[in-house]
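Have a look at the structure below, then the notes.
The values are calculated or read from the model by the stated rules, or taken from the named source; none is laboratory data. Everything numeric in this text was worked out from a predicted model, so none of it was measured. Every residue, glycine as well, gets a Cβ built from its backbone with ideal geometry; the counts of neighbours run over all protein chains shown.
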Amino acid sequence: MARVYNFSAGPAILPEEVLREAAEEMLDYRGSGMSVMEMSHRSSTYQTIIDEAQQDLRDLMGIPDNYKVLFMQGGASQQFAMVPMNLMRNRVADYIITGVWAKKACEEAKKYGTTNVIASSADQTFSYIPDCSDLPVSDNADYVYICENNTIYGTKFKKLPNTKGKPLVSDVSSCFLSEPVNVADYGILYGGVQKNIGPAGVVIAVIREDLIREDVLPGTPTMLTYKTHADNGSMYNTPPAYGIYICGKVFKWLKNQGGLEAIKRHNEAKAKLLYDFLDNSRLFKGTVRKEDRSLMNVPFVIGDQQMEAKFIKESTSAGLTNLKGHRSVGGMRASIYNAMPLAGVQALVDFMEEFEKNNG
Ligand SMILES: *Cc1c(COP(=O)(O)O)cnc(C)c1O
């Protein structure tokens, strides 16, 4: 068995311990005689799995009692519609555009009401986070929307925007559980789990209770109403049962690592190693303004397409995979999520050093 260092942006690397445990339980989950995949979601065994997953997530993030945790499907992209359908009572929302995902969310919300772009970093190819300390937040905005970590461009909000009292809705797909957050600062935070938590097919939303309401936009499907999922413990219909089970294992793994403070220090050490190398390299260059750099997604370029293609080919052969940048921006990108060990980043830096020596 040869496992690679997988730098994919998502679906992405998972902790090896979790995969091993899941493999051991594949045919017979703890004496049940069946796989979790084969189990009724209405069974008491499965109820324990989803309850523990929720409680462990609550413990990890310190989620206050007036927030609900929902496990849903449809990916982060479905939330682009679900958020306005559930929140747009005035049919107005403010969006901060820091990349492709925020832009897509904004475009989707336009189907339901007026969207105001109150800040954007499009002028410099989304290579920075705009100053959001005093934005022209609309008086009647139902919410202010951000994408907190920009998976494609490698920027991260280090400080949340001043929403002037409006609920903040944040897409945290690619920074979920990468560091501690103060949940009370958000109205809704949500993410697809395939970036930093589990297998594709699960989206987790943490929602303040007053935003879970019956008076959603007319025509909102039952399945796209937060209240449906909140009232039924994320089991109105069959949930993505196996995916939630794996997420639960990752939550326990994170607890064993020492929780989000500890994982943050680990992530900072990994990111520093790579950014320090980029800052001192003659061949490779980071593309993001220093103070806005993501701990999770690190884009970099050589600036010569042929040389970049050579780098991607040779790094793949060396067992460092998925370093190609997003198809919309080119270059390279190393996603160094929670499960990426320091040794993986060290192997990448060693490889880049060697490549620079041979091609510089
Ligand atoms: C990947 C990603 C998405 C899209 O996720 P899907 O689950 O494929 O819909 C949205 N937002 C961010 C920040 C992402 O990284």
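Computed values, structure above
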read-out: Check on residue 61, within 16 Å of the ligand (Cβ to nearest atom), outside the structural domain of residue 292 (by TED's automatic domain parsing) and closer than 30 Å to residue 288 by Cβ; value: no
read-out: Residue in the stretch 26-41 that is surrounded by the most Cβ atoms within 10 Å (Cβ to Cβ), counting only those that are part of a loop (DSSP other than H, G, I, E, B) and in contact with a Phe, Trp or Tyr (Cβ under 9 Å, 6 or more places away or on another chain); value: 29
read-out: Spans of strands (runs of 3 or more DSSP E) in the stretch 46-146 with at least 3 residues in contact with a Ser or Thr (Cβ under 8 Å, 6 or more places away or on another chain) and more than 30 Å from residue 285 (Cα to Cα); value: 67-72, 92-97
read-out: Residue match in the stretch 190-209 (condition: of a type in the set (A, V, I, L, M), surrounded by fewer than 19 Cβ atoms within 10 Å (Cβ to Cβ) and either in contact (Cβ under 8 Å) with a residue 40 or more places away in the chain or under 16 Å from residue 75 (Cβ atoms) (or both)); value: yes
read-out: Odd one out for residue 249 among (1) part of a helix (DSSP H, G or I); (2) of a type in the set (Lys, Arg); (3) surrounded by fewer than 19 Cβ atoms within 10 Å (Cβ to Cβ); value: (3)
read-out: Count of the stretch 102-122 residues which are within 16 Å of the ligand (Cβ to nearest atom) and buried (at least 23 other Cβ atoms within 10 Å of the Cβ); value: 3
read-out: Test: residue 228 is surrounded by 14 or more Cβ atoms within 10 Å (Cβ to Cβ) and among the hydroxyl-bearing types (Ser, Thr, Tyr); value: yes
read-out: Residue ID - farthest from the ligand (Cβ to nearest atom), chosen from residues in the stretch 145-176 that are of a type in the set (D, E, K, R) and within 13 Å of the chain's Cα centre (by Cα); value: 156
read-out: Search result, residues across the stretch 345-359 that are among the aromatic types (Phe, Trp, Tyr) and within 13 Å of residue 5 (Cα to Cα); value: 351
read-out: Given (1) within 16 Å of the ligand (Cβ to nearest atom); (2) crowded, with 18+ Cβ neighbours inside 10 Å; (3) of a type in the set (S, T, N, Q), number of the condition residue 54 does not satisfy; value: (1)
read-out: Yes/no for residue 44 being within 16 Å of the ligand (Cβ to nearest atom) and surrounded by fewer than 20 Cβ atoms within 10 Å (Cβ to Cβ); value: no
read-out: Qualifying residue in the stretch 87-98 (condition: surrounded by fewer than 21 Cβ atoms within 10 Å (Cβ to Cβ) and within 19 Å of the chain's Cα centre (by Cα)); value: no
read-out: Evaluation of residue 71 against (1) within 19 Å of residue 143 (Cα to Cα); (2) buried (at least 22 other Cβ atoms within 10 Å of the Cβ) (one fails), failing number; value: (1)
read-out: Residue match in the stretch 129-141 (condition: in contact (Cβ under 8 Å) with a residue 40 or more places away in the chain and polar (S, T, N, Q)); value: yes
read-out: Test: residue in the stretch 315-323 that is free of Cβ contacts under 8 Å to residues at least 12 places away in the same chain and either outside any loop (DSSP other than H, G, I, E, B) or buried (at least 18 other Cβ atoms within 10 Å of the Cβ) (or both); value: yes
read-out: Options 162, 237, 182, 140; residue that is surrounded by fewer than 23 Cβ atoms within 10 Å (Cβ to Cβ), touching a Cys at 6+ places or on another chain (Cβ under 7 Å) and assigned by TED's automatic domain parsing to the domain that holds residue 120; value: 162
read-out: Every residue from the stretch 35-74 that is in contact with a helix residue (DSSP H, G or I) (Cβ under 7 Å, 6 or more places away or on another chain), charged (D, E, K, R) and over 15 Å from residue 176 (Cα atoms); value: 52, 68
